[in-house]
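The values are calculated or read from the model by the stated rules, or taken from the named source; none is laboratory data. Small disclaimer: the values here were computed from a predicted structure and weren't measured. Virtual Cβ from ideal backbone geometry, glycine too; neighbours counted across all protein chains shown. Each accessible area value is taken on the protein alone, full model and side chains, heavy atoms only, with ligands, DNA and RNA left out. Shrake-Rupley method; radii C 1.70, N 1.55, O 1.52, S 1.80 Å.
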Amino acid sequence: MTSLSATLAEPQHFSLPEKLLFLVLVIASAALFWRRFGPILHKILQSRKDPDFHLAPIGRRVWNFFTEVICQVKVIQQRPLPGLAHAFVFWGFCAFALVTLNHAAVGFGIGFLDPAAWYGRIYFYLAAAFAVACAIGIAGLFIRRFFVRPRWLGQKVSSESGIIAGLIFLLMVTYLAAFFTTDAAPAARVLWWIHTLTLLLFLPLIPHTKHLHLVLSPATIFLSRDGFSQIPPLVGDEDFGLVTGKDITQLVSLQAYSCVECGRCTEHCPATNTGKELNPKEVILGMRAYLNGPGPASELPILTGEGGVYVSQKAVFQCTTCGSCEFQCPVGIQHLPIIVGLRRGAVNTGTWEDDYGSKLFNQLERGSNALGISALERDKFIQKQELPIFDGTQEYCLWLGCMGGYDPKGREIVAAFARVMNFLGSSYGVLKKEKCTGDPVRRLGNDLLFQQLAEENLKNLAQNKVKKIVSICPHCVRTIQEDWKAYGAPPEIEHHTEFMARYADKLPRIADSGVPQVSRLRPGNETADDARSVTGHDFSRAESAEKKDWALAPAKSEKIVFHDPCYLGRYRNVYDQPRELIQITGTLVEAPRHRERSFCCGAGGGLAFLGEETGERVSHARAKELVATGATTIGTACPFCNTMFRDALGEMNGTAPQLLDVAQLIARNLGG
């Protein structure tokens with residue numbers, strides 16, 4: 001019976017033919033690796049430089065590298081069991097870096113880690129512990145991919161993945177087996193050569209498979225754009241976005257080659273989950289296929305028709321820009337700048353033809369809002385609600401936005417929030433005139449129109465001496481704070497849930513309010529014809545869910561499920577403030593997908609204005625999930641989410657939960 005040796009067994013001597021053979025094999029393995037990796041690296045470096053790339057701040061990059069690469073935080077956090085298995089494999093490779101170098105050095109008679117020395121013994125035993133974890137991890141991943149087979153991994157199971165998994169497992173087993181023999185035993189030499197041949201076979205396979213991410217993903221994470229879903233600027237009059245290979249930048253190329261095909265983006269994509277053509281993974285793989293085919297110097301178009309060879313135009317215009325793909329990606333791929341870049345190319349070159357999109361663009365070129373309603377209706381709403389006009393003396397400018405100024409239910413949210421601001425004694429006013437922030441056209445890729453809207457709004461804010469803005473719309477907040485920066489310095493802005501949470505201790509709680517009944521908030525003076533916009537959505541629909549009297553007295557037993565808006569959560573990292581406010585008004589209930597994993601309502605990326613969807617409606621899928629929690633109230637913090645769910649709840653059978661914004665929930669506590 002073989003017993004455990006005190007040290008790792010290594011052959012003490014190699015003949016000259018063995019050394020020469022080893023040298024030839026090493027050179028051959030390295031040459032085969034470079035034969036594939038060299039052209040890939042050349043394509044990345046040949047791509048156009050990113051105009052907005054800056055290495056600073058270096059501290060953030062180092063921290064991201066430490067948490068996401070070294071600690072594998074995102075890998076584990078978002079898929080705990082598979083993530084931990086993957087982390088064990090990665091950490092095993094890290095521990096084996098020194099072991100592998102010493103292993104090669106032993107072959108040439110210059111080993112530097114002595115297994116008999118105290119430091120060598122400690123390190124080899126530490127590596128052995130990682131080898132056990134790595135072997136278990138890779139076996140688990142093999143079983144998951146080839147037997148469990150989650151659909152997010154794709155219908156086709158790659159045999160290459162099985163070969164790679166087998167090689168990694170063999171590396172760990174041959175290393176551990178060396179502890180059960182002695183240096184002089186023939187088994188030690190056999191194990192050494194098996195381990196060596198496995199290593200030399202593994203190396204050239206890396207650039208031929210998705211395991212290229214082992215080499216590239218650390219660089220991808222370290223060099224990723226600062227911030228979440230940052231859309232890069234266009235440079236010069238000839239830059240229209242991602243149109244041909246010449247428009248592909250180095251970061252896009254690096255990210256395309258880094259994709260590990262894990263399917264996390266696919267798993268969380270609202271379009272994919274509701275039967276649409278879009279699959280974020282396929283967009284990235286399509287970019288990789290283009291680079292491998294025509295290449296970064298090509299003038300062939302990237303976007304093709306439905307079922308095209310590279311990237312489908314139809315697919316990229318199904319994206320809600322919710323950010324789930326980018327948030328979930330464990331290797332630093334930033335999908336949204338790529339998807340918006342492809343949209344830019346299609347819109348700015350005139351190859352995207354969509355009646356709803358064209359109508360939206362025309363409405364914003366000629367009018368003030370995305371809903372296509374006369375600005376006089378906004379004036380009537382302001383007068384009816386007696387909202388103060390901003391004159392430069394107030395602290396806050398209350399930005400209404402398209403939904404707050406023109407959508408009937410958006411107006412109710414504004415009215416409710418105004419009541420809260422009045423209760424707190426806040427000094428605020430609304431602008432006499434506003435234009436759309438440009439969020440939908442920015443995400444759809446119409447840069448010229450977006451620039452026009454941003455510059456006009458910035459000029460208006462400067463003339464009115466606005467210093468602070470508060471808004472009910474996360475899309476407005478994001479666009480003003482981040483996207484307008486390319487055209488000027490926007491004022492400080494925050495979301496209304498952030499504002500209210502700051503004064504949470506001053507807001508009455510249910511137990512303190514003693515309010516027997518709360519009167520219904522007054523809607524603005526709108527008409528059904530006005531409320532039906534260019535979107536194909538009816539913004540005044542009196543669905544069955546809307547017909548019920550929602551002006552009930554709040555009760556602590558009321559269960560409220562909160563839907564995290566994408567542009568408030570993933571984009572702005574605001575999760576706790578709305579929940580703190582909801583807990584003032586009732587009992588918080590969480591949906592299965594919440595906080596960072598929240599499922600989109602379907603309105604983002606300009607899709608609220610593009611008419612009917614193919615497949616199941618995203619809003620309906622999310623509404624069903626929220627209703628299934630058993631909550632009596634659905635809490636929102638975005639007027640777009642409110643609109644989408646209003647339609648979805650109205651088409652459901654039975655009694656639907658009431659749908660209220662967080663501001664409306666708080667306003668109920670204030671009395672009649």
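Matching residues to (1) within 42 Å of the chain's Cα centre (by Cα); (2) modelled with pLDDT of 85 or more; (3) farther than 30 Å from Cys259 by Cβ:
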site	(1), (2), (3)
Ala85	yes, yes, no
Phe93	yes, yes, no
Leu98	yes, yes, no
Phe108	no, yes, yes
Tyr125	yes, yes, yes
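Checking the structure you have, find out if any residue of the stretch 55-74 is modelled with pLDDT under 90, open to solvent by 70 Å² or more (accessible area, probe 1.4 Å), in contact with a Ser or Thr (Cβ under 9 Å, 6 or more places away or on another chain) and assigned to a loop (DSSP other than H, G, I, E, B). Checking the stretch 55-74: not a single residue is modelled with pLDDT under 90, open to solvent by 70 Å² or more (accessible area, probe 1.4 Å), in contact with a Ser or Thr (Cβ under 9 Å, 6 or more places away or on another chain) and assigned to a loop (DSSP other than H, G, I, E, B). For the stretch 385-410, the set of residues classified as touching a Phe, Trp or Tyr at 6+ places or on another chain (Cβ under 7 Å) and outside any loop (DSSP other than H, G, I, E, B) consists of Tyr396, Cys397, Leu398, Met403, Gly405, Pro408, listed by residue number.
Filtered by the rule that a residue be part of a helix (DSSP H, G or I) and free of Cβ contacts under 8 Å to residues at least 60 places away in the same chain, the stretch 422-435 gives a lone residue, Asn422.
For Asp183, are the conditions met, namely being under 30 Å from Phe599 (Cα atoms) and touching a residue at least 12 places away in the same chain (Cβ under 8 Å)?
Working: under 30 Å from Phe599 (Cα atoms): no; touching a residue at least 12 places away in the same chain (Cβ under 8 Å): yes.
Considered against the rule, which asks whether it is under 30 Å from Phe599 (Cα atoms) and touching a residue at least 12 places away in the same chain (Cβ under 8 Å), Asp183 comes out as no.
Within the stretch 90-125, track down each residue that is closer than 20 Å to Phe66 by Cβ and either among the basic types (Lys, Arg) or open to solvent by 20 Å² or more (accessible area, probe 1.4 Å) (or both). The answer is Phe90, Trp91, Phe93, Cys94, Ala97, Leu98.
Among all residues of the stretch 239-256, there is none that is open to solvent by 20 Å² or more (accessible area, probe 1.4 Å), over 20 Å from the mean Cα position of the chain (by Cα) and modelled with pLDDT under 90. If you go through the stretch 151-206 and keep only what is more than 22 Å from Ile27 (Cβ to Cβ), aromatic (Phe, Trp, Tyr) and at pLDDT 85 or above, you end up with Phe169, Tyr175, Phe179, Phe180.
For the stretch 606-625, the count of residues that are more than 27 Å from Ile373 (Cα to Cα), open to solvent by less than 10 Å² (accessible area, probe 1.4 Å), touching a strand residue (DSSP E or B) at 6+ places or on another chain (Cβ under 9 Å) and not in a loop (DSSP other than H, G, I, E, B) is at least one. Would you be able to say whether some residue in the stretch 132-141 is at pLDDT below 90 and either in the same structural domain as Thr266 (by TED's automatic domain parsing) or of a type outside the set (Gly, Ala, Ser) (or both)? The answer is yes, given that some residue of the stretch 132-141 is at pLDDT below 90 and either in the same structural domain as Thr266 (by TED's automatic domain parsing) or of a type outside the set (Gly, Ala, Ser) (or both). Pull out all pairs, ordered by first then second residue, where Cβ-Cβ is under 9 Å, the residues are six or more apart or on different chains, the first lies in the stretch 642-654 and is closer than 11 Å to Val627 by Cβ and touching a residue at least 60 places away in the same chain (Cβ under 8 Å), and the second is surrounded by 24 or more Cβ atoms within 10 Å (Cβ to Cβ) and of a type in the set (S, T, N, Q). Cβ pairs passing all conditions: Phe645/Ser619; Phe645/Thr636.
Considering each residue of the stretch 599-606 in turn, none proves to be in the same structural domain as Phe640 (by TED's automatic domain parsing) and over 17 Å from Leu278 (Cβ atoms). Touching a helix residue (DSSP H, G or I) at 6+ places or on another chain (Cβ under 8 Å), open to solvent by less than 50 Å² (accessible area, probe 1.4 Å), free of Cβ contacts under 8 Å to residues at least 40 places away in the same chain and farther than 24 Å from Ala219 by Cβ: does that describe Gly357? For Gly357, the condition - touching a helix residue (DSSP H, G or I) at 6+ places or on another chain (Cβ under 8 Å), open to solvent by less than 50 Å² (accessible area, probe 1.4 Å), free of Cβ contacts under 8 Å to residues at least 40 places away in the same chain and farther than 24 Å from Ala219 by Cβ - is not met.
Contact map, the stretch 134-145: first residue within 11 Å of Gly162 (Cβ to Cβ) and assigned to a helix (DSSP H, G or I), second residue open to solvent by 40 Å² or more (accessible area, probe 1.4 Å) and aliphatic (A, V, I, L, M), Cβ cut-off under 7 Å, separation 6 or more or different chains; pairs are Arg145/Val157. Applying the set (1) open to solvent by less than 30 Å² (accessible area, probe 1.4 Å); (2) farther than 23 Å from Gly605 by Cα; (3) β-branched (Val, Ile, Thr) to Val215 leaves exactly one unmet item: (1).
Condition check: out of contact with any Pro (no Cβ under 7 Å at 6 or more places or on another chain), open to solvent by 30 Å² or more (accessible area, probe 1.4 Å) and either in a helix (DSSP H, G or I) or not assigned by TED's automatic domain parsing to the domain that holds Gly59 (or both). Does Gly227 satisfy that? Answer is yes for this residue.
Criterion first (open to solvent by 10 Å² or more (accessible area, probe 1.4 Å), over 28 Å from Arg79 (Cβ atoms) and either touching a residue at least 60 places away in the same chain (Cβ under 8 Å) or not in a loop (DSSP other than H, G, I, E, B) (or both)) does Leu665 satisfy it? No, not satisfied. Just give me the residues in the stretch 632-656 being in a loop (DSSP other than H, G, I, E, B) and open to solvent by less than 10 Å² (accessible area, probe 1.4 Å), in sequence order. Of everything in the stretch 632-656, those that are in a loop (DSSP other than H, G, I, E, B) and open to solvent by less than 10 Å² (accessible area, probe 1.4 Å) turn out to be Ala637, Cys638. When the stretch 228-267 is filtered for residues that are closer than 27 Å to Tyr567 by Cα and basic (Lys, Arg), only Arg264 remains.
Scan Ile413, Ile339, Ile333 and give me the residue that is among the aliphatic types (A, V, I, L, M), farther than 30 Å from Lys281 by Cα and either open to solvent by less than 30 Å² (accessible area, probe 1.4 Å) or part of a strand (DSSP E or B) (or both). Break it down stepwise before answering.
On the way: Ile339 fails: farther than 30 Å from Lys281 by Cα; Ile333 fails: farther than 30 Å from Lys281 by Cα.
Selected residue: Ile413, the only one of Ile413, Ile339, Ile333 that is among the aliphatic types (A, V, I, L, M), farther than 30 Å from Lys281 by Cα and either open to solvent by less than 30 Å² (accessible area, probe 1.4 Å) or part of a strand (DSSP E or B) (or both).
Any residue in the stretch 562-571 that is touching a helix residue (DSSP H, G or I) at 6+ places or on another chain (Cβ under 7 Å) and open to solvent by 10 Å² or more (accessible area, probe 1.4 Å)? Talk me through it step by step, then tell me what you get.
Filtering the stretch 562-571 for residues touching a helix residue (DSSP H, G or I) at 6+ places or on another chain (Cβ under 7 Å) gives 562-565, 567-571.
From the residues that got through so far, the ones that are open to solvent by 10 Å² or more (accessible area, probe 1.4 Å) too are 570-571.
Looking through the stretch 562-571, at least one residue is touching a helix residue (DSSP H, G or I) at 6+ places or on another chain (Cβ under 7 Å) and open to solvent by 10 Å² or more (accessible area, probe 1.4 Å).
Of everything in the stretch 143-165 that is open to solvent by 40 Å² or more (accessible area, probe 1.4 Å) and more than 27 Å from the chain's Cα centre (by Cα), the residue that is farthest from Trp193 (Cα to Cα) is Phe147.
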